[in-house]
Amino acid sequence: MSYATMKAKGIKPKKTAFGSVKSNIEKEVGKSGYVSKDNPRKPQTPADKAKVRAQQAKVDAENAAERKKDPSQGRYPKG
């Protein structure tokens, strides 16, 4: 039975697993806790972009220092 038919007859549709998980997330952290067709992701602000670039530059500098210290390790360092 389609949703339109159920609505016309006054039958409430059963909640799907995804719908129940989505409603639980919304109760816990609000609507910003998930991204969906009805709730798209908010675009990054210039401040957020700058923060991400600064963090990536820090990680790149750490990686460059590690490679300079021991360049023989390559992609899979000893661990």
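Angle of helix 46-69 to the longest C-alpha principal axis of the chain, folded into 0 to 90 degrees and rounded to 10: 40°. Annotation: lysines with alpha-carbon distance below 18 angstrom to residue 37 (same-chain offsets under eight excluded): 15, 22.
Of all accessible surface on the chain at a 1.4 Å probe, what whole percent is carbon and sulfur?
Values: 4250 of 7460 Å².
Using a 1.4 Å probe with all protein chains present, the chain comes out at 57 percent carbon and sulfur.
In order along the stretch 11-24, phi translates into HN-Hα couplings of 8, 7, x, 5, 6, 7, 4, 5, x, 5, 5, 4, 5, 5 Hz, rounded to whole numbers, per the Karplus curve 6.51 cos²θ - 1.76 cosθ + 1.60 with θ = phi - 60° and x for Gly and Pro. Taking the Cα centre of the chain as origin and assigning +1 to Lys and Arg Cβ atoms and -1 to Asp and Glu Cβ atoms, the resulting dipole is close to 380 debye. For the chain, the residue among 30, 3, 46 whose Cα projects farthest onto the positive side of the dipole built from Cβ charges is 3. Averaged over its residues, the chain has an accessible area of 94 Å² per residue, based on protein heavy atoms and a 1.4 Å probe.
The values are calculated or read from the model by the stated rules, or taken from the named source; none is laboratory data. Fair warning: this is a prediction, and the values are worked out from it, not measured in the lab. Glycine gets a Cβ as well: all are built from the backbone with ideal geometry, and neighbour counts include every protein chain shown. Accessible surface areas use protein heavy atoms only, side chains included; no ligands, DNA or RNA. Shrake-Rupley method; radii C 1.70, N 1.55, O 1.52, S 1.80 Å.
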